[in-house]
Amino acid sequence: MSKNVLTNRKLFLLNDDKKLEDGSKVVLTGWVRTNRNSGSIGFIEFNDGTHFKNVQLVYESSNKNYEEMAHIKYGSAIEVNGTTKLTPDGKQPFEITLEEFKLLGDCTDDYPLQKKRHSFEFLRDIAHLRPRTNTFNAVFRVRNALAYAIHKYFQEHGFMYIHTPLITGNDAEGAGQTFKVITDLKHPNDFFKANASLTVSGQLHVEPFALTFRDVYTFGPTFRAENSNTVRHASEFWMIEPEMAFADLNDNMDVIESFIKYIIKYVLENCPDEMKFFDSFIEKGLLEKINHVLNSEFKRLPYTEGIKILEEAVKNGHKFENNDIFWGMDLQSEHERYITEQVIKGPVFLTDYPKDIKAFYMKLNSDGKTVAACDLLVPTVGELVGGSQREENYDILKAKMEELGNDKGLEWYLELRKFGGCVHSGFGLGFDRLLMYITGISNIRDVQPYPRTPGSLRF
Ligand code: 4AD
Ligand code: MG
């Protein structure tokens, strides 16, 4: 191929650098999204996978291959030969005048993605094809950018990335929601000679690294056998779990806020077309909401105050599905959403929860009743982050673990409090829920490439 002919990567790089010229020869490979023509002129929306926006290919009836071009089907893979035409006033910065094409992969007539709107439910059944739609294309691009931004934030701020195991012998959260790992149903213990399960959280395994490297994080898949069929629960989801030595609950909240603002900013700067798309077609006002988050301080509210707010709401006639509000209750999504959406109207940390509704490792406050926990609640999603200062007192933690009966097998975890223990804190941010929040997509099944939920294991 002649050196002067632009292939996909070269073309887009030149365009990004604003060095693309009119009349450059191109040879491109990619897929046809739509193809329409009026008898004398035709337009193909062409996507080579590298950008959210399509490139328009234009062919005219003077072209000897016009008839064939007019019959290229939606979804086909093609190679095209043509020249660039800059269109600074158009929707796209340039189009391609098509000269020749080669059909690389035809697409049969039963292709489900014809040019019309499809419901998200329908698209869930074709998870192998839905990334080709505008919505899912944008979702997975933002998902990618978000994952990168997360590593970027932590790497720039001196956190070390630790790979915690996915197969484990403990139930970190103590909620009994683990998937068992077995090789033979008759002998559940045969392989590891122990009860093995998929991890619900990397926290316990990452804490020892914080007590060595100071600031660390793990970022990977976690698994929960929660039988809750909601739009914000998945059986497999990704979680970011930082852990910081010599950091208390307030330091923890400072980092959560700075971290979330950083990654939102990164996505706004790096996925502007996708974010505009979500703002227009998925959640009206999304950009305003996101910019508001960037520019406001996250409120901090003790759980006890939250309960007062809910009691007040009920007194004033608000009806929750669970209207039985009392100090000590575990908040449901409707309660969390009421506080963040109706009262605070933005992100809010709820802090210092009753010890009996939180995990064993959380730091007991001096009142003896609450723990140094912080849940970050955000509008539409509810709980986005769960974090806490960890109990560093050996005796208190030991007594708690014995009371709950999870001390066997976690002796190593307790030991950290004996060998150079210190105040330390961390949190877990649900990656998929963050993506829901940023894109406005309301069902977790539509932000994961292949969602796993109760009763559903397709693909
Ligand atoms: O609040 P969780 O259970 O906290 C922990 O696992 C701690 N070990 C974290 C830590 O301190 N290192 O879970 C953390 C977050 C939740 O706030 C939520 O965003 C998300 O994980 N999450 C889920 N996301 C999707 N589907 C589910 N079933 C989820 N369960 C929790
Ligand atoms: Mg939680």
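The values are calculated or read from the model by the stated rules, or taken from the named source; none is laboratory data. Source: prediction; values computed, not measured. Note that we place each Cβ from the backbone using ideal geometry, even for glycine, and neighbour counts take in every protein chain shown.
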Of those in segment 372-394 that are over 11 Å from Phe427 (Cβ atoms) and of a type in the set (Asp, Glu), the residue nearest to ligand 2 (Cβ to nearest atom) is Glu383
In the set Glu241, Glu236, Glu226, the lone residue that is out of contact with any helix residue (DSSP H, G or I) (no Cβ under 9 Å at 6 or more places or on another chain), closer than 22 Å to Gly426 by Cβ, within 15 Å of ligand 2 (Cβ to nearest atom) and among the acidic types (Asp, Glu) is Glu226
Looking at segment 77-84, can you tell me whether even one residue there is at pLDDT 95 or above, on the phi < 0 side of the Ramachandran plot, hydroxyl-bearing (Ser, Thr, Tyr) and more than 34 Å from the chain's Cα centre (by Cα)? yes
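Could you list, in sequence order, the residues of segment 404-414 that are within 16 Å of ligand 1 (Cβ to nearest atom) and either in a loop (DSSP other than H, G, I, E, B) or at pLDDT 95 or above (or both)? Walk me through how you get there before you give the answer.
From segment 404-414, those within 16 Å of ligand 1 (Cβ to nearest atom) are 404, 406, 410, 413; that's our starting set.
Answer for segment 404-414, where residues must be within 16 Å of ligand 1 (Cβ to nearest atom) and either in a loop (DSSP other than H, G, I, E, B) or at pLDDT 95 or above (or both): Asn406, Leu410, Tyr413.
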Only one of Val32, Val26 is among the β-branched types (Val, Ile, Thr), within 34 Å of the chain's Cα centre (by Cα) and crowded, with 17+ Cβ neighbours inside 10 Å, namely Val32
Subset of segment 184-212, residues among the polar types (S, T, N, Q), buried (at least 19 other Cβ atoms within 10 Å of the Cβ) and over 21 Å from Tyr153 (Cβ atoms), comes to Ser197, Thr199
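Does Glu336 fit the bill of being in contact with a Lys or Arg (Cβ under 7 Å, 6 or more places away or on another chain) and surrounded by 17 or more Cβ atoms within 10 Å (Cβ to Cβ)?
Working: in contact with a Lys or Arg (Cβ under 7 Å, 6 or more places away or on another chain): no; surrounded by 17 or more Cβ atoms within 10 Å (Cβ to Cβ): yes.
Against the criterion (in contact with a Lys or Arg (Cβ under 7 Å, 6 or more places away or on another chain) and surrounded by 17 or more Cβ atoms within 10 Å (Cβ to Cβ)), Glu336 does not qualify.
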When Tyr353 is run through (1) in contact (Cβ under 8 Å) with a residue 60 or more places away in the chain; (2) among the aromatic types (Phe, Trp, Tyr); (3) within 16 Å of ligand 2 (Cβ to nearest atom), the failure sits at (1)
Cβ pairs under 6 Å, 6+ apart or interchain, first in segment 155-169 and surrounded by fewer than 12 Cβ atoms within 10 Å (Cβ to Cβ), second of a type outside the set (Phe, Trp, Tyr), ordered by first then second residue, are Gly158/Asp215; Ile167/Val181; Ile167/Ala196
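Looking at Leu166, Leu113, Leu146, which is the one that is more than 30 Å from Asn252 (Cα to Cα) and either at pLDDT below 95 or more than 16 Å from ligand 2 (Cβ to nearest atom) (or both)?
On the way: Leu166 fails: more than 30 Å from Asn252 (Cα to Cα); Leu146 fails: more than 30 Å from Asn252 (Cα to Cα).
It is Leu113.
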Over segment 358-403, the set of residues more than 10 Å from ligand 1 (Cβ to nearest atom), under 26 Å from the mean Cα position of the chain (by Cα) and among the β-branched types (Val, Ile, Thr) is Thr380
By residue number, the members of segment 267-321 that are more than 20 Å from Ala145 (Cβ to Cβ), hydroxyl-bearing (Ser, Thr, Tyr), surrounded by fewer than 19 Cβ atoms within 10 Å (Cβ to Cβ) and modelled with pLDDT of 95 or more are Thr304
When every residue in segment 415-426 that is touching a helix residue (DSSP H, G or I) at 6+ places or on another chain (Cβ under 6 Å) and within 12 Å of ligand 1 (Cβ to nearest atom) is compared, the one farthest from Asp273 (Cα to Cα) is His424
- Does any residue of segment 12-19 turn out to be within 32 Å of the chain's Cα centre (by Cα), buried (at least 17 other Cβ atoms within 10 Å of the Cβ) and modelled with pLDDT under 95? yes
Counting only residues that are of a type in the set (D, E, K, R) and away from ligand 2 (no atom under 16 Å from the Cβ), segment 421-459 contains a total of 4
Subset of segment 213-239, residues more than 8 Å from ligand 1 (Cβ to nearest atom), surrounded by fewer than 24 Cβ atoms within 10 Å (Cβ to Cβ) and not polar (S, T, N, Q), comes to Phe213, Arg214, Asp215, Phe219, Gly220, Pro221, Phe223, Ala225, Val231, Glu236, Trp238
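Of the residues that make up segment 197-220, is at least one of a type in the set (Ser, Thr, Tyr), part of a strand (DSSP E or B) and under 22 Å from Met436 (Cβ atoms)? Outline the logic, then answer.
Let us first name the residues in segment 197-220 that are of a type in the set (Ser, Thr, Tyr), namely 197, 199, 201, 212, 217-218.
If we keep only those that are part of a strand (DSSP E or B) as well, we get 197, 217-218.
When the remaining residues are screened for being under 22 Å from Met436 (Cβ atoms), the result is 217-218.
Yes, segment 197-220 contains at least one residue that is of a type in the set (Ser, Thr, Tyr), part of a strand (DSSP E or B) and under 22 Å from Met436 (Cβ atoms).
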The correct count of residues that are surrounded by 16 or more Cβ atoms within 10 Å (Cβ to Cβ) and in contact with a Leu (Cβ under 7 Å, 6 or more places away or on another chain) in segment 96-135 is 6
